[in-house]
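Inspection log for the structure reproduced underneath, given as structure tokens.
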Amino acid sequence: MNRKIRFYIFIIIALWCFGIFIEWFAKIDGHLILALPFLQKTYSLVCHQEINKLISWDGLHTLTCARCTGIYLGLLFSSTMVLFRLPKKIHPIKFLLIAAIPMMADVVFYTFGVYPYSKVIAFSTGLLLGSIGFFYLYVGLIKLIDELKH
Amino acid sequence: MKKYFAPLICGFGAGVLQIVPLVKSFSCCMILPLAALISLLLDQRATKNFDKIPMKKAVLFGLFTGLFAALFGSVFEILITLLTKHNDIISTFPDLQKMVQNFPLSEEIKTEVLKLFISVRDDILKNGFSLLYTFSVFFNNLIVNSIFGSVGGIFGAQIINSKLNNRSSGR
């Protein structure tokens, strides 16, 4: 996949992540507040946005929960890496499913009260899944482009 | 149309999960990708074709799942708003008002922003319908759901195809 396409993917993911932290950016440029209700609605489609599960700082919140924020930042991290260096080998997709196990385990454990909800655990398990998941998205896109070419 | 029956069913399910109050609280970023994966599996069963899924087909199925989810989700959301004359915009309005007041903006801009949201809120409270709200719901749902659906199709095809690979290498 050429660098241009990798760059476009990076930009799309970066813009999506920018939206998650819009409340902080709105502190820098107040005009961004206009987009807030619209973005809240957008992110509500893909996240429950429970207030106690959002990442908060200085009275401001992310627009997605800690887990989803971790997933998206993981995607952003890997898309940045791929901009500079292509992965030599992508492992079979079972590695993605293995990467999902900590997140699933966390969901099960806190749902059944083994331990209380932790934003740090939710964020880090999401980050792991997102950063590994990007490589499978990347492989899928390469295959798609190949199929479209032939 | 029969070809896209599986995305229709899964899109309907995802649309409901995204919109209906209470059920909505279980919503997460995995719903649409999972719906796309299930639609690929359903299609395999319906057509009895268990060959490798081409990525083009997977993306198309994911895209249609997302589009159907957006269509059903938007219609349900607008209907619920019309019937109840209440939605997220109204319940979060006081918080938004407080937030706008705390931001470093000129009073003129603050008034303009609030005026816009007050007009949407008033329309919904009075008629259960706001053109701006309806447009934003359709626009949002179409863009976000089609992207997440397509991504789900990409992952889904790889998961299904890997099972086939394992079976064929096991023989």
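A few points about this structure:
- In segment A:118-150, the residue that is nearest to the other protein chains (Cβ to nearest Cβ) out of those that are at pLDDT 95 or above and farther than 15 Å from A:Gly74 by Cα is A:Lys119.
- Some residue of segment B:79-92 being in the same structural domain as B:Cys10 (by TED's automatic domain parsing) and in contact (Cβ under 8 Å) with a residue 60 or more places away in the chain: yes
- Filtered residues of segment B:120-157 (kept if more than 10 Å from chain A (Cβ to nearest Cβ), among the aliphatic types (A, V, I, L, M) and touching a residue at least 24 places away in the same chain (Cβ under 8 Å)): B:Ile124, B:Leu125, B:Leu142
- Residue, nearest to A:Ile51 (Cα to Cα), within segment B:25-45, restricted to residues that are part of a helix (DSSP H, G or I) and in contact with a Lys or Arg (Cβ under 9 Å, 6 or more places away or on another chain): B:Leu40
- Across segment A:123-150, the number of residues qualifying as within 21 Å of B:Phe61 (Cβ to Cβ), assigned to a helix (DSSP H, G or I) and either without any contact (Cβ under 8 Å) to a residue 40 or more places away in the chain or of a type outside the set (Gly, Ala, Ser) (or both) comes to 14.
- Any chance A:Val82 is in contact (Cβ under 8 Å) with a residue 24 or more places away in the chain, at the interface with chain B (Cβ under 10 Å from one of its Cβ atoms) and part of a helix (DSSP H, G or I): no
- Leading residue by the ranking (farthest from the other protein chains (Cβ to nearest Cβ)) among those in segment A:16-27 that are within 11 Å of A:Thr62 (Cα to Cα) and in contact with a strand residue (DSSP E or B) (Cβ under 9 Å, 6 or more places away or on another chain): A:Phe21
- If the condition is being farther than 19 Å from A:Ala122 by Cβ and of a type in the set (D, E, K, R), then segment A:24-64 contributes A:Lys27, A:Asp29, A:Lys41, A:Asp58.
Each row is one residue, and each column tells you yes or no for (1) away from every other protein chain (no Cβ under 11 Å); (2) touching a Ser or Thr at 6+ places or on another chain (Cβ under 9 Å).
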residue	(1), (2)
A:Ala14	yes, yes
A:Asp29	no, no
A:Lys41	no, yes
A:Cys65	no, no
A:Leu96	no, no
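- Top-ranked residue in segment A:99-117 [being surrounded by fewer than 12 Cβ atoms within 10 Å (Cβ to Cβ) and among the β-branched types (Val, Ile, Thr); ranked as farthest from the other protein chains (Cβ to nearest Cβ)]: A:Val114
The values are calculated or read from the model by the stated rules, or taken from the named source; none is laboratory data. Owing to the predicted nature of the structure, the values given are computational and were not obtained by experimental measurement. Positions of Cβ are generated from backbone atoms using ideal geometry, with glycine treated the same way; all protein chains shown enter the neighbour counts.
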